[in-house]
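Notes for the one structure printed next.
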Amino acid sequence: MLAAYRGMNEVSYGAFRTGKLDNAELQKYARDKAATGVVVSLNWYQERGLKVVGEPLHAPKVTAIDLKGVPKAAVLSDCLDTTKSDTVYKSTGKSAIRKDSKEPRRKPVTAKAVTVGDRWLISEYEIDRSRSC
């Protein structure tokens, strides 16, 4: 499940950097709300002429797991660290993050993973933008 989480983040941040999403690649790692969230976020970036530069840091951990259920399920916790990345305007390269923004640069993430066949996929992905980690 950690590989699915890392894969989903790699695909999504690649899309946020380039403006192009490889949906077939995303489907290898994510489904349901998690996959939809990537598509919606990318559209939001595109509508505003934004892209991500740099690379956010992750440190995911499995915090709960159910291997007896059908499907198998797990909860992952992460601290999304965006201190080494920025959201910028494509046209100018200037940061789109307001100087007076109260949103922390390190944010807790909770993700849910489920099995589909013998593969783990991320089904939910939620960033808590109200607090720091």
Obtain the nm distance between the two label points defined at Thr83 and Val40 by a simple spin-label model: each point lies 7 Å from its Cα along the Cα-to-C-beta direction.
3.0
Collect residues whose amide H, placed 1.01 Å from N in the peptide plane, falls under 5 Å from the amide H of Leu80; neighbours closer than 5 in sequence don't count.
Lys107, Val109
Check which residues have an amide H placed less than 5 Å from Lys90's amide H, if you skip close sequence neighbours.
Leu50, Lys51
Cβ under 11 Å from Pro104's Cβ, Pro104 left aside: what net charge do those residues give with Lys, Arg +1 and Asp, Glu -1?
+3
Enumerate lysine pairs in region 50-94 that are 8 or more residues apart or on different chains, then count those whose Cα atoms are under 23 Å apart.
6
Share of Cα-Cα pairs in the chain beyond 18 Å, in percent?
56
Could you name the aspartates and glutamates whose alpha carbon sits less than 18 Å from that of Lys107, not counting residues in the same chain fewer than 8 places away?
Glu10, Glu55, Asp78, Asp81, Asp86, Glu124, Glu126, Asp128
Pairwise FRET efficiency - Cys133 versus Lys68, Cβ, R0 = 22 Å, nearest 0.05
0.15
Whole-percent carbon and sulfur share, accessible surface of the chain, 1.4 Å:
52
Could I have the simple spin-label model distance between Val53 and Asp118, label points 7 Å from Cα toward Cβ, reported in nm to one decimal?
4.5
Per residue, accessible area of the chain with a 1.4 Å probe, heavy atoms of protein chains only, in Å², comes to 61
Nearest 10 degrees is fine. How inclined is helix 32-48 to the longest principal axis of the chain, computing both from alpha carbons?
10
Return the percentage of antiparallel bridges among DSSP beta bridges fully within the chain, rounded to the nearest 5 %.
95
Which residues among region 55-75 fall inside the zone where the amide N is under 18 Å from a point 7 Å beyond the Cα of Thr18, along Cα→Cβ?
55-56
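The values are calculated or read from the model by the stated rules, or taken from the named source; none is laboratory data. Everything numeric here is computed off the predicted structure, so don't read it as measured data. Positions of Cβ are backbone-derived with ideal geometry, glycine not excepted, and every protein chain shown enters the neighbour counts. Calculation scope for accessible area: heavy atoms of the full protein, side chains included, ligands and nucleic acids excluded. Shrake-Rupley method; radii C 1.70, N 1.55, O 1.52, S 1.80 Å.
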